[in-house]
1. Project the alpha carbons of segment 168-306 onto their principal axes and report the range along each, largest first, in whole Å.
2. Under the rule a/c < 1.5 gives rounded, and otherwise a/b versus b/c splits prolate from oblate, where does segment 393-507 land using the Cα gyration tensor?
3. Identify, among 283, 272, 248, the residue whose Cα sits farthest towards the positive end of the charge dipole of segment 245-400, taking +1 on the Cβ of Lys and Arg and -1 on the Cβ of Asp and Glu, with the dipole about the Cα centre.
4. For every helix of n ≥ 4 consecutive DSSP H residues, a contribution of -39,500 (n - 2.57) applies; sum these over the chain, divide by its total residues, and give [θ] at 222 nm rounded to the nearest 500 deg cm²/dmol.
5. Enumerate the amide H contacts of residue 391 below 5 Å, restricted to partners 5 or more residues apart or on another chain; note that Pro and chain-start residues carry no placed amide H.
6. Run the simple label-point estimate for residue 92 and residue 301 please: 7 Å along Cα→C-beta, distance reported in nm.
7. Can you put 388, 92, 178, 273 in order of Cβ neighbours within 10 angstrom, beginning with the fewest?
8. Give a residue-ordered list of calculated ³J(HN,Hα) values for segment 233-250 (Karplus: 6.51 cos²θ - 1.76 cosθ + 1.60, θ = phi - 60°; whole Hz; x for Gly, Pro).
Amino acid sequence: MDDQGYRPDFDPQRWTERDRRFLEPFATNCDGLISVLRNLPPEIVGALCSRASRARGSLLETLLREYIDPIVDGEDRELAAGLEDTIAFLHEHGFRRILDNHRAQRFFARWLSQYGDDSIAQMTGTHAVIWGISQVALKFVEDQRVGLEPIEKSTRYVNFTHRVGGRYLYYTPRPDLERLGLLEDYRAVMDHLFLTYATLLGPFQEWLRENYDEGDGVLEKKAFDTLRGLLPMATLGQVALRGNAQAFEYLLNRTARHPLGELRWLSRALKAELDCEIPSLLLRLSDEKAPAYQEYLSGRHAGVRDLAARLAAPPAAHETASGVRLVESDDDAESRVLAAILFEHSHLGWDEAAAAVERMTDAGRENLMRGYVGERPARWYKVGRALENSYLRFEIVTDIGSYRDLHRHRMMTQHRQPFSTRHGFDMPSELAEAGLAAPYIEAMDRAARLFARLEAEDPGLAQYAVPMAFRVRFQQWQNFRQLFWETELRTISQGHPAYRRIEQEKHRLVLERYPLLARFMLVDMNDYGIARRGTEERIAGKEERILARLRGRGTD
C-alpha cells in the first residue's frame with residue numbers, strides 16, 4: 001500500500017552542510033518530518049523535547065541553535081574543541097558501531113519476538129520528534145494513554161500566522177480530496193481560516209492594550225489564546241514522544257492500516273526511523289501475524305459504526321451549550337473512600353471496615369478524612385489511593401481547543417464523539433466586545449459548509465475541516481483521586497477560561513452531592529480576564545538559586 005501521497009506537503013528546515021554535520025550524530029533523519037534522537041544526555045533530550053509546546057520551528061533547529069551553536073561559536077575554545085572531537089568521532093565510528101555486538105539484538109529477537117515476553121519491551125525505548133502532524137492524527141496518537149509521553153505544540157502560546165514555502169501550516173489529504181473533487185474548495189476554506197486569524201491578530205492585540213494593563217508579552221499570548229478557535233483540526237503541529245518499545249509497537253500497529261491515509265503514512269515513516277535505533281524491539285511488526293492484527297485494530301469498530309448509523313441517525317446541526325453533567329455516580333462514594341482509609345490503616349476486612357464507617361458520626365467521618373488528606377498547602381501535595389475507590393461519569397460539551405487540554409489527562413477513561421460542526425461554536429466574548437465578531441463568524445460558517453460536504457462522503461475525513469471553536473461532546477469516567485488532580489490543576493489562574501469553567505462546574509456538582517470529599521479539594525473558583533503567572537523577576541531568581549545548588553554538586 002503506497003501512502004506516500006499522504007505525507008504532509010511541506011519541506012522542513014533546509015540545512016547547510018555545516019548544520020547537517022552537527023545534527024546527523026544526534027538525529028536519525030535531519031531532513032525529514034520524523035526523526036529519532038540519539039547520542040544525547042537525558043537532560044538535553046528532556047529539555048529539548050519540552051520545547052515542543054512553544055517552538056515555532058523544528059526541534060532540530062532548536063537543538064542546533066540553542067545547544068550546539070553556543071558551544072561551537074562560544075569563547076571557551078577548549079569546550080568547543082571537545083564538541084568538535086565528539087562530532088568527528090560519532091561520524092567516523094558512532095556508539096552503535098562500537099557497542100553493537102549483536103548480543104542485545106539476539107536477546108530481544110528471542111525473548112520478545114519469538115517468546116512474546118512483552119515486559120522486556122518496557123525496559124527500553126527512545127524519543128521521537130514529529131514535525132508536521134494534524135490535530136486529528138495527533139489526538140489519535142495521544143489516545144494511547146500508557147507508555148507514550150507526548151508534548152505537543154501549543155495552540156495557545158504560539159503564533160500561527162507564519163507560512164512555510166508560502167503556505168499556511170495545515171494538512172491536506174490530497175488523494176482523498178482529489179478523488180472527491182474538493183481539493184480547491186478545501187484549500188480555500190483552510191486559507192481563509194488562517195487568513196482571518198492573521199488579519200484579526202493585530203487589531204485584537206491593540207484592543208487588548210487599550211483595555212488591559214498588562215505587558216505586550218502577556219497580551220500577545222492572550223490574543224493567540226482567544227483566536228485559536230479559528231485554527232482547523234487540519235492545523236499541523238509538532239509533537240515530541242518519549243515511548244517504550246512496547247508502546248511504539250502498539251502505536252505502529254494501530255496506525256498501519258488506519259482509514260486515514262495520514263496515519264498510515266505516519267506508521268511507515270516512524271517505523272523507518274525507529275528501526276535506526278531499536279530494530280530488534282520492533283521485529284514483530286514484520287511477523288506474518290502482524291497484518292491480521294493491524295486489520296483487526298483498524299476495522300474492529302466498523303460494524304458498530306454501521307449499526308449506530310441505523311439505530312441513531314445523526315442529528316441535524318444545532319446549538320449544544322457548553323457545560324457539564326454528572327450522569328453517573330456512586331451513592332456510597334464517601335463511605336467507600338472512608339472504608340478504604342480504614343482498611344489500609346488497620347487489620348480489618350473490607351466488610352468490617354465498611355461497617356465501622358457506617359457507625360461513625362458526621363464529625364468522626366470528617367476527622368477520618370481530614371487525618372488522611374492532611375493539611376495540603378498546594379495542589380501538588382497529592383492525595384492518597386483511597387480516593388480511587390469510587391468513580392464518577394461526567395458528560396462534557398466544550399470547544400475543541402479546550403478539549404485538547406483536558407484530553408491530556410490520560411489516567412482515566414475518556415470517550416469523545418467525532419469532531420464535527422454539529423453542536424455549534426463558541427464565540428469569544430472579547431472579540432465581540434472588540435467589534436471583530438463578523439469575520440470570525442463568517443469563517444466558522446464557511447468551515448461548517450465544507451464540513452457538511454465532506455461528511456456526506458467521509459465522516460472521518462471531514463474532521464480536518466472543523467475549527468477548534470466548534471464544540472465536541474465527550475465523557476470522563478474518573479475516580480475521586482483523578483478528579484482532585486484534574487480539577488485542581490485546570491482551575492489555576494493561568495488556565496484557559498473555557499476549561500476553567502468546565503472544571504469549576506464539576507467541582508460545584510461534586511460539592512453538592514459529596515460535600516465531605518469536595519471540601520478538601522483546592523479549587524480556584526475565581527475568574528480571570530488575563531492568565532495570572534509568576535513575575536519574570538521571581539522566576540529568574542528561583543532559577544538562579546536552583547542552578548547554584550546544581551553547581552554546588554559539581555554540575556556545570
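Values quoted throughout were computed directly from the atomic coordinates according to the rules given, and no laboratory measurement underlies them. Computed from a predicted structure; not experimentally measured. Neighbour counts are summed over all protein chains in view; Cβ atoms, including those assigned to glycine, are modelled from backbone coordinates with ideal geometry.
1. 65, 38, 30
2. oblate
3. Of the candidates, 272 comes out farthest on the positive side.
4. My calculation for the chain gives -14500 deg cm²/dmol from helical runs alone.
5. Under 5 Å from the amide H of residue 391 lie the amide H atoms of 330, each far enough along the sequence or on another chain.
6. 5.4
7. 92, 178, 388, 273
8. 5, 7, 4, 7, x, 10, 9, 9, 10, 9, x, 7, 5, 4, 5, 5, 4, 5
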